[in-house]
Structure formats: structure tokens, C-alpha cells
């Protein structure tokens, strides 16, 4: 068993009694099994890692490439040792200013086009593993850019334990959906509250008392509530149903005002669920403490040239 000089001395000289033959064989066997698992992953499971976040170089949760790569097996392994980094940098605006959202949305779109879209079209990228930490509206826009142009696994950063690996230590999320009592009139609102509770009053304070509020929420919301990829599937299915239902009731000319309080991966999945040719425009709001509530950021809609429109 090949070892470094320090541990050779530990085993053969300093602590011989603490390293009997059966322990050494167990250590050797565990290492061989680990290498076999990692190197035995089929090449079709290769995945390009894309990181999206604010100032990645200063964000420990996103900059730690090793923890990201370790979170991928057994379903996927890194296609190479590099990551595709989309960063929210270079803006002198703060998030309480309308210019911030316009700049960051444009910045994200250009970086995605340069670093990702062309490589997918040339079939250099066949699968993406997505690791993102950013404001909710930009996560939704990022998901819209990803869409279904390539298969993707959107990972969730957990707080306890601090890891990107899926944790299957909890019950499935009990999603609850609700329709307004008078769905045919008033501004359309969609409350997406999974990380925390959002009262209707916070929405009517923005849209007015006649707002027609649809909702998709968790029965027991929390910052670390999303632990399993199966919950992402359930969320996408329920959201798809709500998008369709709103369109049936309100028609082709309605706009959905979206109020998201979501785990980061579900914010990305919200954008991926939305279909440009089929769904109503989304007016995305963001909770801003400095301004004392939800504020509009930008619109996502299907424009004639196939691009999303900018801020209202």
C-alpha cells in the first residue's frame, strides 16, 4: 500500500500496534472501492459545471470547486476540471435602484450567450450541472435562459450541513396551491412561497386590494426545506398547472406578477418551467428591505425577435 513518508513512519514505526493488518486491509479496500466508483462512471454522465452568482471570487459557497465536484457523483461527473462562471460584477448600482436590474439582466444574457449557448448549439455541452446563488429575479431569468436547450441538474446549497449534496433526511415537501375567490378580475398575482410565509397583504400593498392572487406554497416553509431532487419535480409539475390555469381563466393578454420567496434551485426551475411560446408574460418582483416591501424588477415575455423584453 503506497503511502507518503509521514504515514509510512506512523504505521511502521510510531504506531505499529494501532495499525494491525486487518485495519490496513480495510483502509486499502475502502480506497480501492472509492476509486472504482469514481472512475467507473460512464462517459455519458459527463456534465459541464456552470456557476452563477454575485462576485463568485468572493463567495466561498460558490468558489469551492472541490465541494461542487464532490456533490456530483454518482449521477454525473465533471466533464473537465474547469467551471463555466457567470458573475454579477461591474455594476455601480444597488438592488434598490431600477438600473441595477436592467444592467444585471443584460450582463447575464450576454455572458450566457458567449459562454454557454454557442457551445450547446455546437454540441460541445450535452449536460449541465448548475450551481447558483443570486437574487431571486436573476435566478428566474437564468432559468429562462437555460430552458430545455440542454438537460440540466440544478443543485441546491444546503445550510445544515453546508453542502451541495442532496440530503434525503426529511419528508417530501407538501406543496399547496390555491386560486383567488374572484379569479376573473383584478391584477394577476402569483405567490411562490416555499422558503418563508408571504401574506396576501404584502402583495395587495403593491397591486391593490383587488389583486387576484394565485399561490404555490409549502405547508411548512423554511430556508432549508428543499432536501431532495424529487421535490423539484413536484414543484415544476404544480407550477406548470398554475401557469396553464391562469392562462385559461385570464386569456392571452394577461400579465402574471410573480412574488418569489424560494430556495435558489426552485427559483431557477421557475424560469425553466416558463415557455416563451406558450405562457403569459411574467413581471418579477423582489423583496427589498430598504424599500420596505416587494418592488418590480423586470419583465420576462416573448418578444418578436425571440428575446425577453426588459423592465416595464
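Quick grid of which residues meet (1) outside the structural domain of residue 135 (by TED's automatic domain parsing); (2) in contact with a strand residue (DSSP E or B) (Cβ under 7 Å, 6 or more places away or on another chain); (3) modelled with pLDDT under 80:
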site: 6; (1), (2), (3): yes, no, yes
site: 29; (1), (2), (3): yes, no, yes
site: 32; (1), (2), (3): yes, no, yes
site: 52; (1), (2), (3): no, yes, no
site: 61; (1), (2), (3): no, yes, yes
site: 66; (1), (2), (3): no, no, no
site: 71; (1), (2), (3): no, yes, no
site: 79; (1), (2), (3): no, yes, no
site: 84; (1), (2), (3): no, yes, no
Next on the checklist: Of everything in region 89-109, what is closer than 22 Å to residue 51 by Cα and part of a helix (DSSP H, G or I)? Give them in sequence order.
Outcome noted: 100, 101, 102, 103, 104, 105, 106, 107, 108, 109
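Could you check region 121-138 and list, in sequence order, the residues that are assigned to a helix (DSSP H, G or I) and out of contact with any strand residue (DSSP E or B) (no Cβ under 6 Å at 6 or more places or on another chain)?
121, 138, listed by residue number.
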Next on the checklist: Here is a list: 193, 152, 189, 174. Which entry is out of contact with any helix residue (DSSP H, G or I) (no Cβ under 9 Å at 6 or more places or on another chain), in contact (Cβ under 8 Å) with a residue 40 or more places away in the chain and surrounded by 16 or more Cβ atoms within 10 Å (Cβ to Cβ)?
Outcome noted: 193
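Every residue, every condition in (1) in contact (Cβ under 8 Å) with a residue 40 or more places away in the chain; (2) over 30 Å from residue 161 (Cα atoms); (3) in the same structural domain as residue 269 (by TED's automatic domain parsing), yes or no:
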{"residue": "206", "(1), (2), (3)": "yes, yes, yes"}
{"residue": "209", "(1), (2), (3)": "no, yes, yes"}
{"residue": "212", "(1), (2), (3)": "no, yes, yes"}
{"residue": "217", "(1), (2), (3)": "yes, no, yes"}
{"residue": "220", "(1), (2), (3)": "yes, no, yes"}
{"residue": "229", "(1), (2), (3)": "yes, no, yes"}
{"residue": "241", "(1), (2), (3)": "yes, yes, yes"}
{"residue": "247", "(1), (2), (3)": "no, yes, yes"}
Item to check | residue 117 being assigned by TED's automatic domain parsing to the domain that holds residue 83, part of a helix (DSSP H, G or I) and in contact with a strand residue (DSSP E or B) (Cβ under 6 Å, 6 or more places away or on another chain) | outcome: no
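Hey, among 156, 167, which residue is assigned to a loop (DSSP other than H, G, I, E, B), within 19 Å of residue 220 (Cα to Cα) and in contact with a strand residue (DSSP E or B) (Cβ under 8 Å, 6 or more places away or on another chain)? Steps first, answer last, please.
On the way: 156 fails: in contact with a strand residue (DSSP E or B) (Cβ under 8 Å, 6 or more places away or on another chain).
Exactly one residue qualifies, and that residue is 167.
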Checklist entry - Any idea how many residues of region 1-21 are under 48 Å from the mean Cα position of the chain (by Cα), surrounded by 11 or more Cβ atoms within 10 Å (Cβ to Cβ) and not in a loop (DSSP other than H, G, I, E, B)? => result 5
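The values are calculated or read from the model by the stated rules, or taken from the named source; none is laboratory data. Quick caveat: nothing in here was measured; it's all calculated off a predicted structure. Every residue, glycine as well, gets a Cβ built from its backbone with ideal geometry; the counts of neighbours run over all protein chains shown.
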